[in-house]
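See below for the structure under consideration.
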Amino acid sequence: MSSLSSYSILSQLEEQSPSDHDTFREDLPLKEIPGSYGLPFIGAIKDRWDFYYNQGRDEFFRARMTQYKSTVFRSNMPPGPFMAKDPKVIVLLDSASFPVLFDMTKVEKKDVFDGTYMPSTGFTGGYRILSFLDPSEPKHKALKGYFLSVLASKHDNFIPLLRKSLTELFNTLESQLSSNKEVNFNPISDTYAFEYVFNLFCGKNPKDTALGSGGNTTVDTWLVPQVVPLITLGVPKLLQLVEDLLIHTFPIPPFLVKSKYNKIYQAFSTSASEILDQAKSFGIDKDEACHNLIFLTCFNTYGGMKVLFPSLFKWVGRAGPTLHSQLAHEIRTIAKQEGGVTFAAIEKMVLTKSVVYEVLRIEPPVPFQYGHAKTDLVIQNHDASFKVKKGEMIFGYQPFATKDAKVFEDPEKFVPYRFMGKAEENLKYVFWSNGRETEDPTVDNKQCAGRDLVVLMARVLLVDFFLKYDTFTCSDEVFLVGTKVIFKSLTKASNRV
């Protein structure tokens, strides 16, 4: 294949001007926010059942958006009683209103990481972890600065350590597929994703610590009680009431996983001493730094990889062999020209980069964003202005905001070339990292500190895969908060670099 057919599409995109819908408009009419919270307690329970069982997540929002003829409306958000003190939110479903959640002068992000409820600090050693702090809190600046510094110090290890883990991942996948008709990708991915992030921050394989060979399973056991109020397990209809009472009504106490967390803490405290010692220069106690490092590594990074890696293969798999051929050609050509897989080489792989951003747009790994209004303020969607009172909870559902038809053409369609050429400027409407993709994480905002690392990991995953394979087939299905991917076939590269 001497040239990429994707570049014919690129030439069309070059002629398009980027959308611009993010300036405050004086001409929009001021309207009351539509919607209702229903009767106390009963309204919240009804909305919870609609969200989890009667309608499902997307239809819950779509039905109300249609009913109120607005992308801004009032509703209750799960889990509700008795877990959340106040489930009432103002919902934002478009790209114009959503970014108010990134404006730290307008919203407060204190204790809203998980939404209308906060898991017990017993899960995190008694500390309110960085993710739950508002930038106005002094400890936020210290912790965010510390982690930005840690990530910068590990920069040279990002690619080589990841490629080592990916080699083992693909070898395992290939080996299992040689003796089985199909293979579940997720558990294999989870094993080597955790191995990578632990090795990156701690400098050794988790197998060589107190975690042993089942490190990621131990971490999963600690993760699940914190996020389970936000999901449904997909139980049969007859068991829905039981599930709702068990995981949506009362919080799971942290003592149930205390022994697992103690094992995680022991592994990190003894293995990550080099970077934990750096915390002192930021005014952070070593114990608090360790609990925060665990959350950054296991919840933020590994938890994100559990969702993102299967999602990448889901969408690339659905796209089929034409895209696979184009990716393989770009990746192998540039890797050969650049003498290997380097930061410079990866940056030149424009189709690969666009594919990753398109996956992050169409299926963001973190779908929910929350914040309390710091003052009385006005928010705008494309059609109107709305008054929000101080203290009201604002909620953004990102999968709708990043599929806004007034910004993206065919927003529900996976378009691999969407962010190539001038259209790359529309990355300002990609919000997966709790900020615009065109802005940077700082100590003064809540944008993910590891934003660039996550994007790099996704790109390297595709690079290493298509250096080794020409194409693949897979199936996918909804699984908890993400996707389960089942590999059906792998075709080895015919002209490996």
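Coupling constants for the stretch 289-301 follow from the phi torsions by the Karplus curve (6.51 cos²θ - 1.76 cosθ + 1.60, θ = phi - 60°), and in residue order they are 4, 5, 5, 5, 5, 4, 5, 4, 6, 8, 8, 5, 7 Hz; glycine and proline get x.
Distance from the alpha carbon centroid of the stretch 106-153 to that of the stretch 388-428 works out to 26 angstrom. Think of each Lys and Arg Cβ as +1 and each Asp and Glu Cβ as -1; about the Cα centre, that makes the dipole of the stretch 122-175 roughly 220 debye. Longest exposed-loop-site-free stretch of the chain, with chymotrypsin sites (Phe, Trp or Tyr not before Pro), DSSP loop and at most 14 other Cβ within 10 Å? Free of exposed loop sites, the longest segment is 83-497.
Is the shape of the stretch 112-258 rounded, prolate or oblate, going by the alpha carbon gyration tensor and its root eigenvalues a ≥ b ≥ c, with a/c under 1.5 for rounded and a/b larger than b/c for prolate?
Oblate.
Rounded to the nearest 0.05, what FRET efficiency do Met104 and Arg318 have when you use their Cβ-Cβ distance and R0 = 35 Å? Step by step, r from the Cβ atoms, then E = 0.40. With the simple model of a label 7 Å out from the Cα in the direction of the Cβ, Gln337 to Ser149 spans 4.0 nm. Per-residue ellipticity at 222 nm computed for the chain from its helices equals -13000 deg cm²/dmol, with DSSP H segments shorter than 4 residues left out and the rest contributing -39,500 (n - 2.57). With the convex hull drawn over the C-alpha atoms of the chain, the volume per residue is 146 Å³. Between the amide H of Tyr469 and those of Ala493, distances stay under 5 Å, these residues lying 5 or more places away or on another chain, with hydrogens modeled in the peptide plane.
The relative contact order of the stretch 25-492, computed from alpha carbon pairs under 8 Å that lie at least 6 residues apart in sequence, is 23 percent.
Summing +1 for each Lys or Arg and -1 for each Asp or Glu among the other residues whose beta-carbon sits under 10 angstrom from that of Tyr117 gives -2. At what distance in angstrom do the alpha carbon centres of the stretch 246-293 and the stretch 437-479 lie from each other? One Cα centre to the other: 25 Å. Mark the label point 7 Å from the Cα of Ser273 along Cα→Cβ and return the residues of the stretch 212-226 whose backbone N is within less than 20 Å of it. Only 212 fall inside the zone, counting backbone N under 20 Å.
For Leu161, the solvent-accessible surface with a 1.4 Å probe is about 40 Å², rounded to the nearest 10.
Note on Lys348 and Ala405: the model spin-label points, each 7 Å out from Cα along the C-beta direction, lie 4.1 nm apart.
In this label model, Ile42 and Asp111 are separated by 3.0 nm, measuring between points 7 Å along each Cα→Cβ vector.
Along the axis of the charge dipole computed for the chain (Cβ charges of +1 for Lys and Arg, -1 for Asp and Glu, origin at the Cα centre), the listed residues Val341, Ser149, Gly212 are led at the positive end by Gly212. I'd like the FRET efficiency for Leu246 and Gln266, computed as 1/(1 + (r/R0)^6) with the beta carbon distance as r and R0 of 35 Å, rounded to 0.05. So the FRET efficiency works out to roughly 0.70. Amide H contacts of Asp111: Leu133, Asp134, each under 5 Å away and 5 or more positions distant or on a separate chain (H built 1.01 Å from N in the peptide plane; Pro and chain starts excluded). Annotation: the antiparallel percentage among DSSP beta bridges lying fully within the chain is about 80. For Val481, no residue 5 or more places off, or on another chain, has a built amide H under 5 Å of its own.
With a Förster radius of 41 Å applied to the beta-carbon distance between Ser494 and Asn184, the computed FRET efficiency rounds to 0.90.
The values are calculated or read from the model by the stated rules, or taken from the named source; none is laboratory data. What you see is a predicted model; the values in this text were computed from it and never measured. Cβ coordinates were reconstructed from backbone atoms using ideal geometry, including for glycine residues, and neighbour counts include every protein chain displayed. For the accessible areas, the whole protein counts, side chains as well, though only heavy atoms, and no ligand, DNA or RNA atoms are used. Shrake-Rupley method; radii C 1.70, N 1.55, O 1.52, S 1.80 Å.
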